Amino acid sequence: MRIVILFLILTSNILAEEIIGVPRIVDGDTVHIKEYKIRLEGIDAPEIRQKCEKEKLKISSIVGFTFYKDYNCGEVSKENLEAKINKSKIKCISSSKDRYERYLARCFKEKTNLNRWMVRNGHAVAYRRYSREYIPDEEFAKENKLGLWQGKFLNPEKWRKLN
């Protein structure tokens, strides 16, 4: 049993790859550093063309009627990641690739986990199909009506299937 655990620890360290550099932000969950295409692991951000709805006007809590306004939540997600990184170097730690050959990684600006930051601020959702790690951060954003949670939106995975 100890040999198997040691083997898993050793092989997981061998597979881990650090990618460091100033990224080009593709969207809220994808960055490119040099020739590396990196997908922020465990999160799902709205697609660039995806529209969401924000509260525009609320007519009394008694009547309970709210008007919504469309906005490009995919662009907003990307812009927030760009602003957070602010043309700085980031470090991405990858241990695998997805079916599109993108590196799946946790990315950091200094000590800030950017994957977590995107979800916790409502600019992305926890990608529950692949990870449970960011569910508490999504719940925080939802409870505090941050980012996407200020209005209505389709889960990005569902939006992709419909478009």
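What follows draws every value from the coordinates through simple rules; no lab data is involved. On a predicted model such as this, the values are computed, not experimentally measured, just so you know.
So what's the back-of-envelope 222 nm ellipticity for the chain, counting only DSSP H runs of four-plus at -39500 (n - 2.57) apiece and dividing by all residues, rounded to 500?
-9000 deg cm²/dmol
Quick check on region 94-133: take the gyration tensor over C-alpha atoms, sort the square-rooted eigenvalues as a ≥ b ≥ c, and tell me if it's rounded (a/c under 1.5), prolate or oblate.
oblate
For region 2-162, what relative contact order do you get, as a whole percent, if you take Cα pairs closer than 8 Å and at least 6 residues apart?
After rounding, I find 26 percent.
Please go through the residue pairs Lys69/Lys145; Lys69/Lys142; Lys69/Lys111; Lys34/Lys69 and name each one whose alpha carbons sit more than 26 Å apart in this structure.
Lys69/Lys111; Lys34/Lys69, as the Cα separations exceed 26 Å there.
Using Stokes-Einstein with the Kirkwood hydrodynamic radius over Cα pairs, what translational diffusion coefficient do you get for the chain at 4 °C and a viscosity of 1.567 mPa s, in µm²/s rounded to a whole number? Display every interim value, and only then the final one.
Working: Rh = 17.0 Å.
Using the Kirkwood radius from Cα pairs, D works out to 76 µm²/s.
Long-range amide H contacts for Arg106: which residues qualify at under 5 Å (H placed 1.01 Å from N, peptide plane, sequence gap of 5 or more or a different chain)?
Amide H neighbours of Arg106: Glu41, Ile93.
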